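The values are calculated or read from the model by the stated rules, or taken from the named source; none is laboratory data. This one's a predicted model, so the numbers in the text were calculated from it and none came from an experiment. Ideal geometry is used to build each Cβ from the backbone, glycine not excepted, and the neighbour counts take in all protein chains shown. Heads up: the accessible areas ignore ligands, DNA and RNA and are worked out on the full protein's heavy atoms, side chains in. Shrake-Rupley method; radii C 1.70, N 1.55, O 1.52, S 1.80 Å.
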Amino acid sequence: MHGRAPASGSTFTLAVALAALALTVAHVALQYVPHTWIQRDGRFYTNVNVTLVERASVRQDEFAASWYGGELGWNRDLDASWSNVAVGRDGARLPKHPILLPLLSTPLFWAFGLHGTLVFNVIVFALIGAAAFVVARRHATVAAATFAGLALILATGIRDHAYDYHVDVLILALFAGGMAALSRRRGALGGLLLGATVVLRPTLLLWMPSLALIVSERRDWRTLGRALAGGAVPLVLFALSNWWLYGAPWWTGYNRVLVVVNGEPRIADVSGAFSVPLEDGLRNLWQGPYGVRHRLTLMAAAAPGLLLMVRRRPLYVAATGLAVVASVLVFAKYRWYGDRFLWPSCVLMVPALAVTFDRLGRWASRRAAWRHATVAAFGTAAIGAAHLVVGGPLAERIGTGDPTQVLWRLTAVGAVSFGLARAAERVVRGPIAILAPLTLVLLPGVMDRALRGGDDLWVAATIALAVGARHWLPSLGFAAVAGWLLATTTGGAAPTDPAFARIALGLFAVAIAAVPMMGRALWLLAPLGLLLLEPASTLGDPPLFGLALAAIGVPVVLQRVARALRGAWHATSRRRRLAAVLTAFGALLLVGAARRMDDAPFRIASYRGVREAEVTLGHVPCDFLAWEHLNWECATYDRGVHGEVGLATSQPLHVGGAKRRMLLISTQRTMPRSVRWDGVAATDTLFLQYAVPDEGRGGGTLRVWAGDEALAALDLPPRPDGEVHTAELDTGDLAGDRVRLELELAGRDAKVLVDGGFVR
């Protein structure tokens with residue numbers, strides 16, 4: 001049985017994009033806690049999203065305004081690393097960072113709120129994998145290019161930024177997309193995308209000579225000319241916006257950063273941040289917490305590929321070397337170093353990474369039919385080997401035991417990949433079958449777990465080889481070994497033991513390993529694999545062999561979805577394509593409008609309640625909204641998430657052991673905390689719920705005002721009592737008015753959770 005016809009080039013590119021999206025979503029889903037992907041600079045970009053949606057403005061006057069007065073004690077001197085604000089030509093406080101990221105993500109932010117930022121980041125992240133595949137495909141086979149493209153985003157430290165809202169993800173996507181466009185001779189598009197990277201980070205100009213050298217290698221001057229013209233468009237727009245915002249085309253927010261010196265606001269230029277001694281910088285960039293050794297370990301496997309490319313593509317190798325050396329020398333001297341500044345160089349190295357995998361496959365197998373599987377086998381083993389040689393994060397686990405054990409583990413991981421690729425080819429002929437082992441080993445934690453070794457790894461290896469065998473004798477031989485391993489490693493459970501059912505199911509799985517050579521549909525193994533995904537009482541985690549069998553069906557699904565999307569796109573006229581795109585944006589607009597037309601009554605413990613709150617701690621304004629917690633911060637006065645005001649979504653609080661989504665209000669020592677809301681529609685009754693969280697202490701007094709009227713002074717229990725108390729306060733004389741609602745908590749280090757609002 002030969003399966004279906006091989007997928008076309010565009011279909012396979014779509015399939016790779018879908019695989020990257022699926023794996024990214026899986027990685028993100030395992031980490032999901034509300035809002036916790038918004039951190040570091042993501043907070044500041046979210047501020048711009050908010051002002052764009054709420055006021056159609058980029059002015060940042062309301063956020064962290066108190067930081068720059070020099071009157072809070074701690075901020076007599078505030079350097080550029082603390083500041084997120086630049087000073088415009090009219091004195092307006094503007095974002096220090098370029099605003100392209102929030103501009104592009106605001107349609108999703110408008111429709112889905114804070115979750116729109118994560119959706120945007122995930123989509124862009126998945127596109128990086130597809131673009132890297134296109135870049136590598138020009139230099140290597142489809143299988144090797146697929147492996148290299150997906151490994152770039154999921155087998156390096158870049159993966160950690162999937163669960164994020166980060167400008168470097170967008171920069172990498174634009175850079176990889178620009179290179180992909182240039183490789184397909186779409187000069188104007190490539191130049192437009194690459195020009196946008198320079199807008200986001202002017203130091204991306206470092207890579208432009210290398211890209212020009214790559215294009216000139218083909219002597220394709222027309223593409224180069226169009227790229228220069230396309231790149232000029234975003235740069236001209238950027239210069240005009242700088243002129244309008246800051247007063248000069250060559251000034252950006254980085255040249256006009258608002259800082260505090262000796263208590264006085266000043267303007268600073270951060271171009272002087274490249275001042276670290278080179279020797280110290282190189283050491284940090286190599287082995288520091290964000291160093292290349294730990295974060296970009298896999299790229300060491302590109303070195304053999306570069307050597308192999310010297311004869312055929314000397315200018316490409318020279319361009320890559322130039323980019324790597326220049327970026328390392330420049331960013332080693334940068335005060336805020338990190339591997340993320342070298343990501344564009346990694347894109348240039350992806351073709352060499354693919355060539356390495358391709359040559360290993362060719363060297364190990366002279367038969368074309370085996371090369372896809374061999375690329376998978378050597379590629380997965382190479383990930384582990386690269387970590388071992390360079391000292392990457394997996395090295396400690398791989399390196400346990402003597403060298404023979406290490407070699408056997410790497411061999412077993414390669415055997416799993418080889419068998420799965422061979423088995424998947426029975427269903428989908430051609431290189432698309434390589435997606436089966438890739439989706440297995442790149443699943444969150446699977447490669448790390450497999451490289452620890454153990455019985456589960458050997459069972460998975462023998463089952464994969466059994467289902468991938470083309471002849472009945474090796475198929476049944478591997479099946480017998482797998483069955484023996486299953487029976488012996490689960491401790492010989494008795495028929496009455498729940499584990500016995502799992503042994504029987506496992507033996508059934510390997511028994512049908514003979515099905516492929518009998519010419520039956522191999523996709524029947526996929527649902528069987530899903531049955532094995534249920535966590536076993538004896539094995540703890542989902543068995544690797546269950547994941548492996550389920551992975552065989554992945555290429556089938558991805559190929560069919562990709563074909564359907566490609567067919568629908570090509571069967572549609574350009575006018576209808578444009579209409580479809582506009583309809584999608586229209587749908588986002590309507591969803592966002594519908595969310596804002598909701599006239600639900602005001603509720604204290606809600607996004608609106610947090611966003612519209614005006615918070616002070618004593619006389620100190622709390623004017624920085626930490627989106628990852630949905631808390632208002634008073635800079636250094638709050639002492640952690642549970643010392644702030646907000647929903648504390650990243651570290652939920654409990655009452656009587658049960659998680660409660662209520663607004664946290666706390667005092668610091670004896671400093672009282674005040675939370676106010678203006679323009680709240682009042683009714684006859686104000687209903688309040690309040691409780692002392694299990695993680696805090698009570699003993700304070702919660703005072704309530706509506707308008708100028710003091711409604712109540714609620715004494716809190718002296719310690720957590722596990723109960724949510726209620727109060728119904730009469731506000732009949734305020735009904736129909738819009739009033740100022742205020743809560744004030746007094747008491748030494750008191751904490752209270754509050755919810756409620758005016759009852760309709």
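What FRET efficiency comes out for Met597 versus Lys659 if R0 is 35 angstrom and r is the Cβ-Cβ distance? Round to the nearest 0.05. Could the numbers behind the result be given before it?
Numbers: r = 30 Å, r/R0 = 0.87.
That pair, Met597 with Lys659, gives E of 0.70.
Is any residue of segment 305-319 close enough, with backbone N under 15 Å, to a label point placed 7 angstrom from the Cα of Ser216 along the Cα-Cβ axis, and if so, which? The answer is 314-319, whose backbone nitrogens lie closer than 15 Å to the label point.
Label positions at Leu315 and Asp90, each projected 7 Å from the Cα along the C-beta direction, are separated by 4.9 nm. Scattering from segment 152-204 was approximated by placing one identical point on each alpha carbon and applying the Debye formula without solvent; log10 I(q)/I(0) at 0.20 1/Å stands at -0.72.
Placing +1 on the Cβ of each Lys and Arg and -1 on the Cβ of each Asp and Glu in the chain, which of Phe112, Pro444, Val655 has its Cα farthest towards the positive end of the resulting dipole? Positive-end residue among those listed: Pro444. Across segment 1-123, the fraction of Cα-Cα pairs farther apart than 23 Å, rounded to a whole number, is 50%.
Applying the Karplus relation 6.51 cos²θ - 1.76 cosθ + 1.60 with θ = phi - 60° to segment 229-239 yields 3J(HN,Hα) values of 5, x, x, 5, 4, x, 5, 5, 4, 5, 4 Hz, where x marks Gly and Pro. For the Cα atoms of the chain, what angle does the longest principal axis make with the long axis of helix 314-331, in degrees from 0 to 90, nearest 10? In the chain, helix 314-331 runs at an angle near 30 degrees to the longest axis. The label point for Asp678 and the one for Asp721, both projected 7 Å from the Cα toward the Cβ, are 3.7 nm apart.
Residues whose amide H falls under 5 Å from that of Leu296, counting only those 5 or more places apart or on a different chain, are Gly157, with hydrogens built in the peptide plane.
About the Cα centre of the chain, how large is the charge dipole given +1 on each Lys and Arg Cβ and -1 on each Asp and Glu Cβ? Please answer in debye to the nearest 20. Write out the running numbers ahead of the final one.
On the way: 73 positive and 54 negative charges, 984 e Å.
Computed charge dipole of the chain: roughly 4720 debye.
Between the Cα long axis of helix 208-217 and the first principal axis of the chain there is an angle of about 30°, rounded to the nearest 10. The 3J(HN,Hα) values that the Karplus relation (6.51, -1.76, 1.60; θ = phi - 60°) gives for segment 149-166 are, in residue order, x, 6, 5, 4, 8, 10, 10, 10, x, 4, 4, 5, 9, 5, 8, 6, 9, 9 Hz. Gly and Pro appear as x. Under 17 Å between alpha carbons, and skipping anything fewer than 8 positions from Lys751 in its own chain: which aspartates and glutamates qualify? Result set, ordered by chain and number: Glu633, Asp638, Glu644, Asp694, Glu695, Asp715, Asp721, Glu723, Glu742. Its Cα centre serving as origin, segment 616-755 has a Cβ charge dipole (Lys and Arg +1, Asp and Glu -1) of approximately 540 debye. Pair-distance distribution P(r) for segment 230-352, from all Cα-Cα distances in 10 Å bins starting at 0: 12, 27, 30, 23, 7, 1, 0 percent. Assuming 1.567 mPa s and 4 °C, estimate D for the chain with Stokes-Einstein, Rh taken as the Kirkwood radius over Cα pairs, in µm²/s. The estimated diffusion coefficient comes to 45 µm²/s.
Rolling a 1.4 Å probe over the heavy atoms of the protein chains gives the chain an accessible area of 43 Å² per residue. Taking 4.7 Å between C-beta atoms as the pairing limit, the chain has these partnerless cysteines: Cys346.
Rounded to the nearest whole Hz, the Karplus-based 3J(HN,Hα) values (6.51 cos²θ - 1.76 cosθ + 1.60, θ = phi - 60°) of segment 173-184 follow the sequence 5, 5, 5, 5, x, x, 5, 4, 5, 5, 5, 9, with x at glycine and proline. Using label points projected 7 Å from each Cα along Cα→Cβ, tell me how many nm separate His619 and Glu728, to one decimal. Taking the simple label geometry, His619 and Glu728 are separated by 4.3 nm.
From the Cα gyration tensor of segment 538-670, with a ≥ b ≥ c the square roots of its eigenvalues, which class applies: rounded if a/c is under 1.5, or else prolate if a/b is larger than b/c, or else oblate? Oblate shape, in that a/c is at least 1.5 and b/c is the bigger or equal ratio. For Cys622, the residues 5 or more places off, or on other chains, whose built amide H falls under 5 Å of its own are Val615, Thr616, Leu617. Please work out the C-alpha center-to-center distance from segment 655-687 to segment 193-225 and express it in whole Å. Distance between centres, Cα-based: 54 Å. Can you tell me the orientation of helix 574-597 relative to the chain, as the angle in degrees between its alpha-carbon axis and the longest Cα principal axis, to the nearest 10? Helix 574-597 sits at roughly 40 degrees to that axis. Listed by chain and number, the lysines placed with their C-alpha closer than 22 angstrom to that of Lys333 are Lys96; residues fewer than eight positions away on the same chain are left out. In this structure the amide hydrogen of Gly699, modeled in the peptide plane, comes within under 5 Å of the amide hydrogens of Leu716, Arg719, none closer than 5 places in sequence on its chain. Dipole magnitude for segment 277-370: computed about the Cα centre from +1 point charges on Lys and Arg Cβ and -1 point charges on Asp and Glu Cβ, it is near 400 debye.
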